[in-house]
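The values are calculated or read from the model by the stated rules, or taken from the named source; none is laboratory data. The shown structure was predicted, so the numbers you read here are calculated from the model rather than taken from an experiment. Here the Cβ is made from the backbone with ideal geometry for all residues, glycine too, and neighbour counts use every protein chain on show. Quick note on the areas: whole protein, heavy atoms, side chains included, nothing else; ligands and nucleic acids left out. Shrake-Rupley method; radii C 1.70, N 1.55, O 1.52, S 1.80 Å.
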Amino acid sequence: MQTMLVEVKTITPVKLGKYVTVKRAGNWGVLAIVKIDTQFRIDAKLIKRSRLPKGTGKFVRVYWDKYKSEHFDISPEYYMSRARLTASPCI
């Protein structure tokens, strides 16, 4: 099993744009963008670093609508936690 480092960025309800800014430097191989809406529902995308645009600047701006999520093999523990997330929220 290969270990891959993940850079996690969030889009929250208070952000005006639907994008994240990511440093080009670093040892990460996958970008995880987590979007939280005004109802506090969560959506996420996994994007391989190789799919991001090349450039010379220190940062890259990644728009939510521009990329589809990559599909990775996910452990059974993920499915267990996902089932808990989709259950009715506690208030």
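For the reader, a short list of remarks on this structure follows.
- L31 contributes about 0 Å² of solvent-accessible surface, heavy atoms of the protein only, 1.4 Å probe.
- 1.4 Å probe accessible area per residue over region 1-62, in Å²: 72 Å²
- Counting only protein chain heavy atoms and rolling a 1.4 Å probe, the accessible areas of R41, R61, R49 rank, largest first, as R41, R61, R49.
- Area accessible to solvent at I42, 1.4 Å probe radius, in Å²: 110 Å²
- Accessible-area order (highest first, 1.4 angstrom probe) of the listed residues V62, V34: V34, V62
- Placing a label point 7 Å from the Cα of I36 along the Cα-to-Cβ direction, no residue of region 54-71 has a backbone N closer than 15 Å.
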